[in-house]
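Participant: What follows is a structure written as structure tokens; I'll ask about it next.
The values are calculated or read from the model by the stated rules, or taken from the named source; none is laboratory data. As the structure is a computational prediction, the values presented were derived from the model and not from experiment. Backbone-built Cβ (ideal geometry, glycine too); neighbour counts: all protein chains shown. Heads up: the accessible areas ignore ligands, DNA and RNA and are worked out on the full protein's heavy atoms, side chains in. Shrake-Rupley method; radii C 1.70, N 1.55, O 1.52, S 1.80 Å.
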Amino acid sequence: MATVTSRAGRKCGASCRAEASRSTALCDAMAEEWLGTEAAGSGSEEEEEQDDGERRHQQLLEAVSALTGRKRRKLAERSEAGAQVSEFNVSCKGAGEKLVLSELLQPIRARSALSAVKKELNRVKQKKAVELPLSKEEAERVVREAAYVKSSKDVGKWQPVVLQNRRAEQLVFPLKEEIVAVAPLEQVVSAWKPRTPLEQEIFGLLHKTQQPITDPLLTPQEKASLQAMSLEEAKRRRAELQKARVLQSYYEAKARREKKIKSKKYHRVLKKSKRRKALKEFEMLQKSDPEAALAKLEELDQLRMEERMSLKHQNKGKWARSRAIMAKYDLEARKAMQEQLARNKELTQKVRVELPEEEPADVPEEDLTSTAIPPVSVRANKANPWMLGKPSDPAQEPDVPEDLGNAAVPVAVENKEEMSEEEEELSEEEALLQDFQQKRQARQRQSGSPEQHSEELTVLPCVCSVTEQDGSLGADETEEVSEQLPGDGSIHPVSVEEQVSPVIELPSQAQEEPLLSEQLHRVQTMEDIEALASEELTAEQEKPVIVGTEKPARRQQEGRATAKPAEKSATKKKIISLQSVLSGKLREAQCPNLPAVMVEEEDGFDQRGVITEAFAGDDVVADFNREKHKAEQAAKPQPLNLVLPGWGEWGGTGLKPSNKKIKRFLIKPAPAPPRKDQHLPHVIISEQRNIHAAAHQVSELPFPFESHQQFEQCIRTPIGSTWNTQRAFQKLTAPRVVTRAGHIIQPLSAEDVPSVAATTDSGTKLALETPPEQHKQFSRRPHKRTR
Amino acid sequence: MRVKVLSRNPDDYVRETKLDLQRVPRNYDPALHPFEVAREYVRALNATKLERVFAKPFLSSLDGHRDGVNCIAKHPKSLSTVLSGACDGEVRIWNLTKRQCIRALQAHEGFVRGMCARFCGTSFFTVGDDKTVKQWKMESPGYGEEEEPIHTILGKTVYTGIDHHWKDAVFATCGQQVDIWDEQRTSPMCSLTWGFDSISSVKFNPIETYLLGSCASDRNIVLYDMRQSTPLKKVILNMRTNTLCWNPMEAFIFTAANEDYNLYTFDMRYLTSPVMVHMDHVSAVLDVDYSPTGKEFVSASFDKSVRIFPVDKGHSREVYHTKRMQHVITVKWTSDNKYILCGSDEMNIRLWKANASEKLGVLAPREKAAMNYNQKLKEKFQHHPQIKRIARHRHLPKSIYCQIKEQRIMREARRRKELNRRKHSKPGSVPVVSEKKKHIVAVVQ
């Protein structure tokens, strides 16, 4: 279709038509135009008939060429003038000239349809060939690679969590605390269905009675009875409740008001009145119902016991301590303290269970009972601590009747004066208080001796409560003294014994000691014998070197100690001879300088002389010997001193532990093995490294530690509760992994870890869906502590 | 006369009420408590000795199977229930507290190859040599009902392993290929293949549940992604891997039990070399299971022993064996981190303590404190030679002992030979290959 002749187009040869029909819209458009030209040139048909034969020939050729499909272009030949067919401005001069499609389309550029076609054509021309599809294997591989990258990235988001868990000091499993939901009984029961005939039978029996299984476990009858409460009753009850509430609030308000009153006087009066009231009541009770009074007494006794147990009035509280500080300067404070002490005293004093009605009858009885310890003698012997077998009883005995009254009523007993003069009591009491205060001060000035106390006791017949307190205080002091004294006495004999006993024991010990040491060396088993033999050998080897002169004496001793003197002496002789030789050498070595110099001088070497002159000051050999001696001394095992002063005897500054104790607790070490440089006079072999200890020591730095200081630090820090407080101990010994028995540990999941859950879509969804309780769970993960 | 005597105020030591704690005055002055290192050392030594004295890990043996136990499955919701499948096709369900078999059923003809429980614990799946996958109810059948599976899927080839998804109603089987099944359908959702080989086990990742790992008999380990239904990567080792197990606390870590006596812990993101090579067994390792805490795993071996390895250590911390225990085929660590179950050739399932010297039962607070203290002391002084010697001492049967010795000699000889070869050849021509790299043949994309 590249080249077309107008004639051929006009006649529309079969082949041409066929081609046109085969072509696209472009070709259709062209065909239309050709038809137009055909209509225009129809007038000159006759002329053209001449050319018919020629055209036919042409057509034939064309058809033939169409068969091959190659030479079509060449066949397109023009024999007519170009003007006739120049409407498209196509120049087709020669058969060999090519017609370019774009040229053909040029005149109709303005027409949009064709320009689109042209564009398309251009595009078609530019397009390259589609590459061959990948082989199946390769395609799969690509997919795999992509998938692997994606999934490893997905998995990688767990990295921080994993690292955190690995580093965590403590992990508590299960990570998520599951809340055990107990299925309600009704559900369980209703869900269960009987299957076997036996079960069915039992089930049937049970359900005949219509036992309820839903939540309020009530039978219909019970429900009915519950509902049957009448309206009136309910109203009445409500009114009652209201009243009670109002009363309570009134009472509370009143109490609050009273409590707010700051006046001390008011409170004092209040207390007094209460006290009096109680006393009166008690007296009334005594008269009317002695048994009830007794019961009351019991109660009081109980109170006393409680007081004794508690530390309420012992001047130990915060307030009391502050008072104690103030007491020096403030009279009020002192008084308050005293009051409290008195209170304690009276509360803790024993109640005699005897009714005051029987008092006159009782007192002589008391006397009768106390005849064993005559009261006069008690008083007379108070100065003598030896006579106070039972110090507290006799001192308090005279006070008993008062004490009884005092303690019987919780708030101390009053005198008759007070009873009569109720109005003036306060001023009266104050006066009394001042009076006694002065007296006490006077007594203190006299630096209270026991006699003084007793005097006071006798003088003051316990008129009022304050005096009683005072008296009791005095008694207390005497008690203290008396208690201390017997204590002293009891200690004394012991110390005397101790002083005596060493005198008895010491000589015996002195005699026994060698025996004992021999006993220590006693052999029982084969191993002991061997060990002993080796020890002896070493001892013998050592000692002659150190002390060369004592040989004969030692030999004698050894001869005494050992059973077979003959054999051993032979060996010893050998050793001794060797040692003597060696020691001789040593002695020679001690002064090598002088003879050497002498020889040199004889030889006439001046240089040596110069050197000796130059180093005349330092004696190297002596230094060396000294050093060696020092090393030897240092290597000797030191005795272990376990003496603790003050145990079993008196200790303190200026006191030394007794010889006996030193002897007992100064542990002598086993003699050291012979030194290796024993026979080498010019050598010091250091034996610092302890082979026995080395077996227990770490030779290499273990893995996680970076320096040996670090490791040593770790070992040096104790973790036991002996060295650490309880809290620190718990922290130090917390286990790495904690699991709970009977709990299933589920694998980690995104819901457990909020950070991971946030990254994944599903995770976020889940987090959004979960109720706030679960959020709390995530946030409260105190288990995981990281370093 | 006043004489000073010792006197103490009772307020300093008497309790105010009976319910108060007794006050124990302590003085932490270090001068009063000397020799702390020496004393703690002695305590540590004693603790170590006691640990060895009390190390009695074997609890009981569950007998009842009439053929070797081939697989064990844990119940996901009940600690006391354990399922086991034998080589004669019988499945038994055990109650561990009573140590009794509570149910026995003939599941397959031939071996029960694999077994897994559904995540909810209501049913379990078995695969057998008879080319079937069966789903069973966990409860025993009611009165008058027959023992039969809920579903049976008849396949074309033998299935060698099965594992259930951790959250969805999906399970995976392996045989000639890895099939992923929906529970409701009788044909697989997708089949994952990469070459043709018999795959011996397949495991779902417990954390990233769409990941699967499998090991085939052509010595490779293949990872799959269920979402994209494609394999991911393949590692070829020197010898065949029998089983693998994912770490339940670390999503990308898994351990493979290999025929070459070793276990390999891999990070799935870096497969070119394992994170750790665990060596101690003297025969093929047949099974491995992680502790639920993810800190340790237990391995069962053909050498008739069970070993416990810390994840980050190359050697085992514990070895369990008894005279009667034969080749251990399967092993499981219970979900409470306390016990280990192993099924062996001689038809028994054995129950061991995971911590050999642990005291079972409830501990008093003081006991617990003492235990913790002892544990810390042992840890602190573990490098001291005497303590190390005691702590490390284990008794081994003669066969294993001799084999270990023999293999040590062999290893030494190989090492020496390599050294000599390196010495006598051109420098650089015999490179030093690390132990980790030595066992990896290739990683295929």
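Participant: Nearest 0.05, what FRET efficiency do A:A116 and B:S198 give at R0 = 51 Å with Cβ-Cβ as r? Mind showing how you got there, number by number?
Facilitator: Numbers: r = 62 Å, r/R0 = 1.22.
Given R0 = 51 Å and the Cβ-Cβ separation, E is 0.25.
Participant: Additional query: Report, to the nearest whole %, how much of the accessible area of region A:635-745 belongs to carbon and sulfur atoms, 1.4 Å probe, protein only.
Facilitator: Answer for region A:635-745 is 59 percent, counting heavy atoms of protein chains only.
Participant: How high is the relative contact order of region A:639-704, in percent, counting Cα pairs under 8 Å that sit 6 or more residues apart?
Facilitator: Dividing the mean separation by the residue count of region A:639-704 yields 27 percent.
Participant: Which trypsin sites (Lys or Arg not before Pro) in region B:341-430 pass both tests, a DSSP loop state and at most 16 other beta-carbon atoms within 10 Å?
Facilitator: When the trypsin sites (Lys or Arg not before Pro) of region B:341-430 are filtered for loop state and at most 16 Cβ neighbours within 10 Å, B:K359, B:R394 remain.
Participant: Averaged over its residues, how many other protein chain Cβ atoms are within 10 Å of peptide B:226-233's Cβ atoms?
Facilitator: 5
Participant: In region A:614-703, which chymotrypsin sites (Phe, Trp or Tyr not before Pro) are in a loop and have at most 12 other Cβ atoms within 10 Å, using DSSP for the loop call? Write out the running numbers ahead of the final one.
Facilitator: Working: sites: A:F615, A:F624, A:W647, A:W650, A:F665; in loops: A:F615, A:W647, A:W650.
Here the chymotrypsin sites (Phe, Trp or Tyr not before Pro) that fit, given the DSSP loop and packing criteria, are A:F615, A:W647, A:W650.
Participant: Tell me the accessible surface of A:V620 in square angstrom (1.4 angstrom probe, heavy atoms of protein chains only), to the nearest ten.
Facilitator: Accessible area of A:V620: about 100 Å².
Participant: Can you give me the relative contact order of region B:140-218 as a percent, contacts being Cα pairs under 8 Å and 6 or more apart?
Facilitator: Values: 136 pairs, mean separation 17.5, N = 79.
For region B:140-218, the relative contact order is 22 percent.
Participant: Under a Cβ-Cβ cut-off of 15 Å, what is the net charge of the residues other than B:S84 that fall near it, where Lys and Arg count +1 and Asp and Glu count -1?
Facilitator: On the way: positive: B:R66, B:K74, B:R92, B:R99, B:R103, B:R113, B:K332, B:R350; negative: B:D63, B:D67, B:D88, B:E90, B:D287, B:D289, B:D345, B:E346.
Around B:S84, the surrounding residues sum to 0.
Participant: How about region B:41-102: which chymotrypsin sites (Phe, Trp or Tyr not before Pro) there are in a DSSP loop, with at most 12 other Cβ atoms within 10 Å of their Cβ? Don't jump to the answer; show the numbers that get you there.
Facilitator: Values: sites: B:Y41, B:F54, B:F58, B:W94; in loops: B:F54.
Answer by residue number: B:F54.
Participant: Subtracting the Cα-Cα distance from 0.36 nm times the residue separation, let me have the gained length for B:K77 to B:S357 in nm, one decimal.
Facilitator: 98.1 nm
Participant: Comparing B:S425, B:S283, B:S273, which has the greatest mean-square fluctuation in the GNM of chain B with Cα pairs linked when under 10 Å apart?
Facilitator: It is B:S425.
Participant: Can you tally the net charge around A:A336? Count Lys and Arg as +1, Asp and Glu as -1, for every other residue whose Cβ sits under 13 Å from the Cβ of A:A336.
Facilitator: +4
Participant: Give the relative contact order (percent, whole number) for region B:58-286; include only Cα pairs under 8 Å separated by 6+ residues.
Facilitator: 9 percent
Participant: Let me ask another. Separation of region B:232-273 and region A:659-726 by C-alpha centroid, Å?
Facilitator: 48 Å
Participant: For peptide B:249-258, what's the mean number of Cβ atoms from other chains within 10 Å of each residue's Cβ?
Facilitator: Counting other chains' Cβ atoms within 10 Å and averaging over B:249-258 gives 5.
Participant: Please compute the net charge surrounding A:K125, taking Lys and Arg as +1 and Asp and Glu as -1 over other residues with Cβ under 15 Å from its Cβ. Write out the running numbers ahead of the final one.
Facilitator: Values: positive: A:K118, A:K119, A:R123, A:K127, A:K128; negative: A:E120.
Within the 15 Å Cβ shell, the charges total +4.
Participant: Starting from the residue with the highest accessible area, list A:H207, B:H393 in decreasing order, probe 1.4 Å.
Facilitator: The residues order as B:H393, A:H207, largest area first.
Participant: Now, a different point. Let me confirm the definition first: pairs of Lys residues in region B:58-286, 8 or more apart or on different chains, C-alpha distance under 19 Å. How many are there?
Facilitator: Close lysine pairs found across region B:58-286: 15.
Participant: Summing -39500 (n - 2.57) over the DSSP H runs of n ≥ 4 in chain B and dividing by its residue number, what mean residue ellipticity at 222 nm do you reach, to the nearest 500 deg cm²/dmol?
Facilitator: Using -39500 (n - 2.57) per qualifying helix, the result is -5500 deg cm²/dmol.
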